[in-house]
Amino acid sequence: MRHADLIAAILDRQSIKATFFLANEATMRGDAALDDSWAPFWRARVAEGHAFGSHTWRHGRFVGDLAVPDGAVRYRPQVGENAGETLKLDAQGVCTEIERVNQRFRTITGRALDHWWRAPGGILTPNALRAGQACGWTHVGWAPAGFLGDILMAHLGIRSRRDPFAPALEPLIAGLKARGFCFATLPRQ
């Protein structure tokens, strides 16, 4: 979130609406992306007409399915409670991990998420996919051409990134527009 305001300004200048996938990740300010301190930022993006989906509450990795009747998965949260541990989540636990972002977003913005979700790292298991579908969420996977393929995907911030992505965003958008590319959010669900 270090460059969140810059990215929002670029999107506004370029008249682009984006689809944001949110997780309650730690920010460089020492808070988390869905804390009250970020509510004005998210309310402004809602007012601008962007779309929003869940990236799971704890930005966890689905590391495998379990061969049990309840459709459980192994899940490793990257932030928050149980960060770094491998947990067993049943189908309802997967739904909770996705839906918790929706509940918090609605609290701080007054708007529900669109019913899209993305597994962190693009790593998804069959049981996690089924669980998300069963509770009304449609998963958005990688584009066939990859990370910068038919759909441009970028994080607002990755702590390990040494060179900030944000300054390159505006020239990238301008270049893509010059080549005839269009920009749109995922359709509302």
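Things to note:
- LEU11 meets each of the listed conditions (1) within 18 Å of the chain's Cα centre (by Cα); (2) part of a loop (DSSP other than H, G, I, E, B); (3) more than 22 Å from HIS139 (Cβ to Cβ) apart from (2).
- Residue match in the stretch 105-116 (condition: among the hydrophobic types (A, V, I, L, M, F, W, C), loosely packed, with under 14 Cβ neighbours inside 10 Å, at pLDDT 95 or above and part of a loop (DSSP other than H, G, I, E, B)): yes
- Out of LEU6, LEU66, LEU113, one residue alone is over 30 Å from PRO167 (Cα atoms) and either touching a helix residue (DSSP H, G or I) at 6+ places or on another chain (Cβ under 6 Å) or not aromatic (Phe, Trp, Tyr) (or both). It is LEU66.
- The stretch 19-33, subset more than 12 Å from GLY80 (Cα to Cα) and assigned to a strand (DSSP E or B), residue farthest from the chain's Cα centre (by Cα): THR19
- Residue list for the stretch 34-57, filter: under 11 Å from the mean Cα position of the chain (by Cα) and outside any strand (DSSP E or B): HIS55, THR56, TRP57
- Any hit, the stretch 72-80, residues being out of contact with any strand residue (DSSP E or B) (no Cβ under 9 Å at 6 or more places or on another chain) and outside any strand (DSSP E or B): no
- Flag if GLY80 is of a type in the set (Gly, Ala, Ser), modelled with pLDDT under 95 and touching a Phe, Trp or Tyr at 6+ places or on another chain (Cβ under 8 Å): yes
- The C-beta contact set for the stretch 106-135 (first residue more than 14 Å from THR56 (Cβ to Cβ), second residue among the charged types (D, E, K, R) and at pLDDT 95 or above, distance under 7 angstrom, 6+ apart or interchain) comprises ILE108/ASP36; THR109/ARG43; ALA112/ARG106.
The values are calculated or read from the model by the stated rules, or taken from the named source; none is laboratory data. If you're wondering where the values come from, they're calculated on a predicted model, not measured in any experiment. FYI the Cβ positions are ideal-geometry reconstructions off the backbone, even for glycines, and counts take in every protein chain you see.
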